[in-house]
Amino acid sequence: MVGPSVGAARKVVVPTAQSSQEQSFDVVVVGGGPGGYAAALYGGRKGLRVALVEKDKVGGTCLHRGCIPAKELLETAAVYRTVKGAKEFGVGVEGVTVDFSATQVRKRKVIDTQHKGLQGLLKKCKVTTFAGTGSLQPGRVVRVEAADGSVTEVTAPAVLLAAGSVPRTIPGFEVDGRFVLTSDEVLDMERLPATAAVIGGGAIGCEFASMLSDMGVKVTVLEALPSILPGVDKDVTAVVVKSFAKRGIDIKTGVRVQGHEPAADGASTAVRYSSPQGGEEAVVVEAVVVSVGRRPYSDNLVAPGCGVEVDERGFVKVDDLLQTSAEGVWAIGDLVATPGLAHVGFAEAMVVVDQLLGKDPVPVDYDKVPWCVYTFPEVAFAGLSEDAAREAGYDVVTKKDPFVGNGRAAIIGETEGVVKLIAEKLPDGRAGRILGVHMAGPWVTEQLGQGYLAVNWEATADEVAQFVQPHPSLSEVFGETMLALAGRGLHVG
Ligand code: NAD
């Protein structure tokens with residue numbers, strides 16, 4: 001236990017400056033995104049009196065400007081691709097088009113449904129929501145400033161900071177409402193550009209590149225590193241690179257973007273970048289999507305004198321149980337330097353609330369969380385890539401099997417992809433503990449489950465190879481690769 005449990009902490013003397021506006025709770029959560037609302041729901045269900053402070057809408061980036069809208073637009077791209085390919089199945093369709101404003105209406109409907117559901121859940125869990133911008137003051141007081149300027153002070157023996165993150169921008173590419181967009185603007189576009197440059201080939205950049213390209217936009221990806229999708233196993237990245245190239249997405253790696261100059265007619269802009277060879281080149285596009293990462297939204301979150309340390313990049317410093325340097329103050333989600341994933345925020349929320357309940361939770365094992373990228377083809381992985389395992393000093397055995405021979409993949413007409421397994425090498429040369437499961441291909445984001453369990457249960461190849469996969473199914477590729485790793489492969493040796 002790092003901080004006080006609420007039971008014990010209720011005895012902590014709350015600040016003396018009680019104003020008529022002040023209200024007290026067991027825990028005050030600042031930020032209603034996946035981290036904050038998960039903490040509020042779990043705390044509320046466990047009987048804690050929870051205050052949740054949110055300046056915009058509960059659901060946060062994930063629901064309103066991130067995961068949910070992005071995947072909805074990617075699904076439109078998938079439907080368009082499927083319908084265009086229907087003829088191969090003998091299904092006749094003529095004049096297939098995309099009405100992007102109609103997909104925006106559908107996207108908003110999906111968000112609204114989820115938003116209403118979440119508001120209902122918070123109510124059911126008796127969470128008190130405060131609309132306004134929260135900032136931590138000394139003595140675990142959270143000052144909530146509403147849009148009309150009125151101020152309420154909320155106090156609790158425990159404060160959880162979960163203010164999230166905002167898109168990073170780069171000099172020379174300031175968001176201008178015309179050419180330069182971040183994820184916030186792309187997700188709200190009413191009309192598709194004919195051409196786009198995507199700066200940054202991480203998860204967000206690749207998802208947008210995939211979606212825009214499938215909708216008919218000519219896309220160029222400009223990535224500073226030698227490869228797109230940093231951190232993903234190289235054999236998995238290779239599948240995405242090949243598929244992107246086949247669909248006409250131009251990937252330029254090792255480049256440095258310099259700036260952009262709009263054309264005189266205001267219809268396009270030239271994005272200048274230096275090539276790895278050193279020469280300067282330009283690509284002329286109608287839109288520039290900046291997806292170079294997100295930064296923690298810690299601006300004005302903590303008043304001086306609270307004792308909460310923030311690092312030079314703006315991340316709130318925490319220990320492995322998410323306790324900040326101030327007693328009774330925790331921080332989670334994109335605000336701390338852990339993987340910027342909604343489900344990591346959920347897991348962290350539960351670790352914090354369990355401490356408030358006097359339990360002894362296990363810290364999140366960040367090296368083994370699931371990662372899913374919803375490009376076409378999809379990417380999913382848990383645990384170490386082959387290179388990362390070798391860099392960590394492991395002697396490894398690997399096996400990979402492509403989706404191309406799989407019956408279900410052939411049936412659905414999506415045979416691009418691979419499953420790659422990385423295991424620790426035993427003294428006799430056989431595969432032991434599974435260190436990583438990395439996949440690209442159809443619906444791998446929904447198939448990762450058993451790979452995730454294998455890695456986190458520290459199961460061996462022999463153990464997992466015992467399990468039978470349903471036939472015909474895409475998951476047979478995982479099963480077959482595991483059999484091969486255990487020395488009993490039918491398709492691969
Ligand atoms: P990222 O850090 O994953 O990728 C950013 C990419 O931009 C990197 O490849 C980096 O090398 C490149 N880059 C940085 N500066 C550049 C420059 N000046 N020129 C060219 N390239 C440059 O960030 P992201 O893709 O923006 O995602 C932000 C966060 O959101 C991450 O934490 C990510 O994990 C999370 N996210 C995850 C998913 C998913 O898992 N499906 C989807 C969306 C967002």
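Worth pointing out:
- Set against the 2.2 N^0.38 Å expectation for a compact globular protein, the range 335-396 has a Cα radius of gyration ratio of 1.41.
- Two-decimal Rg/Rh across the range 308-359, once Rg and the Kirkwood Rh are taken from alpha-carbon atoms: 0.96
- Helix axis angle, 67-84 relative to the chain longest principal axis, alpha carbon, degrees: 20
- Counted charge near Trp443, where neighbours are those whose Cβ lies closer than 15 Å (Asp, Glu -1; Lys, Arg +1): -3
- With q set to 0.12, 0.18 Å⁻¹, the log10 of I(q)/I(0) for the range 326-452, from the Debye formula over equal scatterers at the Cα positions, is -0.60, -1.01.
- Pairs of Cα atoms nearer than 8 Å and 6+ residues apart set the relative contact order; for the range 377-485 it is 33 percent.
- Efficiency of FRET between Ala245 and Asp311 - r from beta-carbon atoms, R0 41 angstrom, step 0.05: 0.60
- Pair Leu225, Glu391: separation of 7 Å Cα→Cβ label points (nm): 0.8
- Using θ = phi - 60° and Karplus 6.51 cos²θ - 1.76 cosθ + 1.60, couplings along the range 26-31 (whole Hz; Gly, Pro as x): 7, 8, 10, 10, 9, x
- Relative pair counts by distance (%), Cα atoms of the range 377-485, 10 Å bins: 17, 51, 27, 5, 0
- On Cα atoms only, tilt of 342-356 relative to the major axis of the chain in degrees: 30
- Computed over the alpha-carbon pairs of the chain, the distance histogram in 10 Å steps reads 4, 18, 25, 25, 19, 8, 2, 0 percent, short to long.
- Taking the chain and dividing mean pair separation by its residue count, relative contact order in percent (alpha carbons under 8 Å, at least six apart): 15
- Cα extents of the range 216-268 along the three principal axes, largest first (Å): 44, 26, 11
- If R0 equals 51 Å, the separation of the Cβ atoms of Ala131 and Val98 corresponds to a calculated FRET efficiency of about 0.90.
- Extension gain, Val83 back to Ser473 (0.36 nm per residue minus Cα-Cα distance, nm): 138.2 nm
- Packing, as the average of other Cβ atoms within 10 Å across residues, places the peptides 195-206, 442-453 in the order 195-206, 442-453, highest first.
- A simple rule links phi to the HN-Hα coupling: the Karplus curve 6.51 cos²θ - 1.76 cosθ + 1.60 with θ = phi - 60°, which for the range 448-465 gives 5, x, 6, x, 4, 5, 4, 5, 6, 7, 6, 6, 9, 4, 4, 5, 6, 5 Hz, with x for Gly and Pro.
- FRET efficiency for the pair Gln277 and Lys425, taken as 1/(1 + (r/R0)^6) with r the Cβ-Cβ distance and R0 = 51 Å, rounds to 0.80.
- Charged neighbours of Ile199, selected by a Cβ distance under 11 Å, balance to +2 (K, R count +1; D, E count -1).
- Semi-axis lengths, Å, the range 180-292, gyration tensor of Cα atoms, sqrt of 5 times eigenvalues: 21, 17, 12
- Mean-position separation - Cα centroids, the range 424-483 and the range 95-149, in angstrom: 38
- Nearest-ten-degree value, helix 34-45 long axis tilted from longest Cα axis of the chain: 60
- Each Cα pair under 8 Å and six or more residues apart adds its sequence gap; the mean of these over the residue count of the range 171-240 is a relative contact order of 27 percent.
No lab work stands behind these numbers, since they all come straight from the coordinates. This structure is a prediction, so every number in the text was calculated from the model and none was measured. Neighbour counts run over all protein chains shown; Cβ positions are idealised from the backbone, glycine included.
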